[in-house]
Amino acid sequence: MPYLPVNTAAAGPGRFQALDFLSLLVAVVHSDGTLQFANAALENTLGLSRRTLQGMDFAPFFSDPQLLQTALQATRQHDFAALRFEASLRRPHQEPMLVHVSVAATELAQEVLVELWPLEQQARQEREERLREQAQAHKELIRNLAHEIKNPLGGLRGAAQLLELELTNPALTEYTQVIVHEADRLQSLVDRLLEPHRHPHQVGDVNIHEVCERARTLVLLEYPQGLRVVQDYDISIPEFRGDRAQLLQAVLNIVQNAAQALVAKMARGEPACITLRTRVARQITIGRERHKLALQLHVIDNGPGVPEALRERIFYPLVSGRDGGSGLGLALAQTFVQRHDGILECDSVPGCTDFRLLIPLP
Ligand SMILES: Nc1ncnc2c1ncn2[C@@H]1O[C@H](COP(=O)(O)OP(=O)(O)OP(=O)(O)O)[C@@H](O)[C@H]1O
Ligand SMILES: [Mg+2]
């Protein structure tokens, strides 16, 4: 491909630096098709540095180079129909990627902005967004329902107690006792349902390793025999602003689930292990936002894995695969992590279940 010198003073990376924060792939090209700038997402996707890319002809990166050439011509002729198209992006040593391309002139003559939106990423983000909206709607429904149940419950319990005082046949108190007991059980469920809405978000400095150590101590107290909790920490991770109590609760819920999944192994005397792994992730997309740095905490266990039928739904409230489980632990953990602009994800196969908590770092 011919190398054409680029006027880096006018089109130097400084002007385009903000484009590195986008998950969208962006190229700035000369109207003759020569690449002047590729943002970080495009560099990553192509597996080529922007220094290598600079000066290369961009059109041959598409399976049909003509599409980009036509679009570049269209920017000059103001033919808007050709400015958006779908194409296959060729990548050295990798599978081609289907992208939606949008081409637009910039304020400088002869400079054109090319945006590439990976189609599978678009589909994934739309799905994530849909799930988030659904989860939000569920949360509101549950919150309202919990309030509706809570109010009459007190009256019901009080009436049963009054009735008990009036009963002359002591054998009948067994029935009022059942009402009181069941009302109490429902009350504690309703309280747990309302739990996420009760905590104000209290921000302070959080040391993630201190949180991990606390969770580790607590779970080892609960399972003193047969459980190993491995610490695999990247101690260079800085403190960040967050709500320590909420994050501890989130980590604890995940760690407790892992320990519960390992109970059968522990009983059989087989190695039962939870690993707490912290790492820094770079250039990561959470929701629609791209972050330069994020904290990554993995809670990995070697248990039987999340049952297949539950995998898509474990973060929903009231979904449980455990006898006696209320199915609120992960929903609460997800809410708390989302309050930190983060996300909690899960990958699970038998023998390796990995819960990954991601929180953006400043
Ligand atoms: N590490 C894990 N390995 C296998 N299954 C898991 C794991 N973590 C969660 N699960 C599955 O996901 C379900 C939902 O977990 P969640 O913490 O939300 O609820 P729960 O543990 O059943 O009840 P609660 O936490 O409210 O007491 C669990 O019941 C279990 O079936
Ligand atoms: Mg749980």
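Key figures for this structure:
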item: The range 17-119, Cα convex hull volume normalised per residue, Å³; result: 89 Å³
item: Accessible surface of the range 272-341, 1.4 Å probe, proportion on carbon and sulfur as whole %; result: 47 percent
item: Stokes-Einstein D for the range 204-360, Kirkwood Rh over Cα pairs, 10 °C, 1.306 mPa s (µm²/s); result: 100 µm²/s
item: Sum of side-chain charges, Gly33 neighbourhood, beta-carbon under 14 Å (Lys, Arg +1; Asp, Glu -1); result: -3
item: Helix-only mean residue ellipticity at 222 nm for the chain, each DSSP H run of n ≥ 4 adding -39500 (n - 2.57), per residue, nearest 500; result: -14000 deg cm²/dmol
item: Span-like helix ranges in the chain, DSSP H, alpha carbon extent 24 angstrom or more, Kyte mean at least 1.6; result: none
item: Neighbour net charge for Ala272 - beta-carbon separation under 10 angstrom, K R +1, D E -1; result: +1
item: Those lysines that a straight Cα-Cα span of less than 22 Å connects to Lys150, excepting residues fewer than 8 apart in one chain; result: Lys139
item: P(r) tail fraction, the range 123-198 - alpha-carbon pairs more than 18 Å apart, %; result: 57 percent
item: The chain: radius of gyration over Cα atoms, expressed as a fraction of 2.2 N^0.38 Å; result: 1.34
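The values are calculated or read from the model by the stated rules, or taken from the named source; none is laboratory data. Because the structure is a prediction, the values reported are computed rather than measured. FYI the Cβ positions are ideal-geometry reconstructions off the backbone, even for glycines, and counts take in every protein chain you see. The area values use the complete protein model at the heavy-atom level, side chains included, leaving out ligands, DNA and RNA. Shrake-Rupley method; radii C 1.70, N 1.55, O 1.52, S 1.80 Å.
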